[in-house]
Amino acid sequence: MKSRRSQLIVALIAAGCSVLLPLHSFAADSGDVRSHAEQSFDQLKQHTGQQDSSKAPSWLRHKVEDRNSYSGDHYLIGNGQGDMAKGPIICRRVSELSARTDLAKQIRILVKEHMVDRVRERTGREAEQDIELTREEIVQEYLQGVKIVDHQIDEDSKTCSVTAVMPKSQIQPKPAPDRLEPTPMVIR
């Protein structure tokens, strides 16, 4: 009985070692992954820490020759701007989205307006009038053929700007709705 228990303990130790050895090699691999991730993070910090635009990556450099080759007769031109406070990569993404939105607004935009007129009368006091006006722009377009042609960084104002172009031939006419939406009536 005692030898059976000893054999069981030896078997458990052997099984434990066979499980732990692959984990050890996996830990070494995760260490390689960690060091690679740290190197990438350091490169990113160096990349975002650059203040001189001549050292900036190619996508941040000024491309005047590309921008001037697009005429307003054949292309829609959209401009966008972003804040450099969160770094050049996020600034680039925000300004590109803003430029695309500017393009979409030139194609089609839905403007909604909602006005509330309140008149309050209190006993013994003069009537008070309060007018609240809310305007909302809604842009929903599928854009095709959009090309970002210019990236600029303004170090003084800590902003970046982007110019996007889209051929006017890519604009799809949208059919008119079958029926107009009724305007809501306010009953007082």
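The values are calculated or read from the model by the stated rules, or taken from the named source; none is laboratory data. None of the values given here were measured: they were computed from a predicted structure. Neighbour counts run over all protein chains shown; Cβ positions are idealised from the backbone, glycine included. In case anyone asks, the SASA skips ligands and DNA or RNA and just uses the protein heavy atoms, side chains included. Shrake-Rupley method; radii C 1.70, N 1.55, O 1.52, S 1.80 Å.
Some notes on this structure:
- Among the candidates Gln106, Gln172, the residue that is at pLDDT below 90 and either of a type in the set (S, T, N, Q) or touching a helix residue (DSSP H, G or I) at 6+ places or on another chain (Cβ under 9 Å) (or both) is uniquely Gln172.
- Just one of (1) open to solvent by 60 Å² or more (accessible area, probe 1.4 Å); (2) more than 23 Å from the chain's Cα centre (by Cα); (3) at pLDDT 90 or above fails for Asp117. It is (1).
- So Val139, is it more than 17 Å from Gly72 (Cβ to Cβ) and open to solvent by less than 60 Å² (accessible area, probe 1.4 Å): yes
- Among residues of the stretch 93-112 being open to solvent by 70 Å² or more (accessible area, probe 1.4 Å) and under 11 Å from Thr163 (Cα atoms), the one that is farthest from the chain's Cα centre (by Cα) is Arg100.
- Residue in the stretch 81-97 that is in a strand (DSSP E or B) and not small (Gly, Ala, Ser) present: yes
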